[in-house]
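To start, the structure itself, in structure tokens.
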Amino acid sequence: MPEVHQRMALYKRASQVRSPTEIQALRDEVRDRYGALPPQVEALLAYAGLRLRAEAVGVIQADLAGSALHLRFAPAIPIAPEALVSALRRLAGATLSPQGVLRVPMPAPASAVGALGSVLRELEKGLGEDKRASAL
């Protein structure tokens, strides 16, 4: 996008999408207007999708600290406690603090975005079918 104003408008719209359908509509609109999407725009839209997925499982904050992802949950999450325990068992080395922070060690060569996607996939298994479909 040649103009700063146009890029800022895209960032704002990407931060406000509320569904995968809206992300696809934004992707289609940008492609129609500017042509093939550069990797930076695809990454922005992928990030918007991760944000939606994180919100769907009750994650309100995700940080990379050292070699681990730290995900903070909202006080009430849509995942049953048993499903959360199952997810923890599937995530090697994962721990959950009493304050609602999930710490997941990252494999050395992994990207933070890719690792977050993997963690979210495990957490999404604990959602009901209706909520899982809307998160994807």
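Taken one residue at a time, the phi angles of the stretch 38-43 give Karplus couplings (6.51, -1.76, 1.60, θ = phi - 60°) of x, x, 5, 6, 4, 5 Hz. Gly and Pro are set to x. Derived scalar couplings between HN and Hα for the stretch 50-60 equal 4, 4, 4, 5, 5, 4, 5, 9, x, 7, 10 Hz in order, rounded to whole Hz, by the Karplus curve 6.51 cos²θ - 1.76 cosθ + 1.60 (θ = phi - 60°), x for Gly and Pro.
If R₀ is 35 angstrom, what is the calculated FRET efficiency for the pair Val113 and Tyr34, using the beta carbon separation as r and rounding to 0.05? Working from the Cβ atoms, E equals 0.90. Amide H contacts for Ala68 (H built 1.01 Å from N in the peptide plane; partners 5 or more residues away or on another chain; cut-off under 5 Å): Met106. Report the Stokes-Einstein translational diffusion coefficient (µm² s⁻¹, integer) for the chain, Rh taken as the Kirkwood radius over Cα pairs, at 20 °C with viscosity 1.002 mPa s. In µm²/s, the coefficient rounds to 133. Shape class for the stretch 49-88: oblate, because the ratio a/c of the largest to smallest gyration tensor axis (alpha-carbon atoms, square roots of eigenvalues) is 1.5 or more and b/c is at least a/b. Charges were assigned to the Cβ only: +1 to each Lys and Arg, -1 to each Asp and Glu. The resulting dipole of the chain about its Cα centre is roughly 180 debye.
Add +1 for every Lys or Arg and -1 for every Asp or Glu among the other residues with Cβ under 13 Å from the Cβ of Ala9, and state the total. Net charge in that neighbourhood comes out at +2. Compared with the dominant principal axis of the Cα atoms in the chain, helix 20-34 is inclined by about 30°.
No lab work stands behind these numbers, since they all come straight from the coordinates. Computed from a prediction, not measured in an experiment: that's the story for all the values here. When we count neighbours, we look across all protein chains shown, and the Cβ atoms used for this are built from the backbone with ideal geometry, even at glycine.
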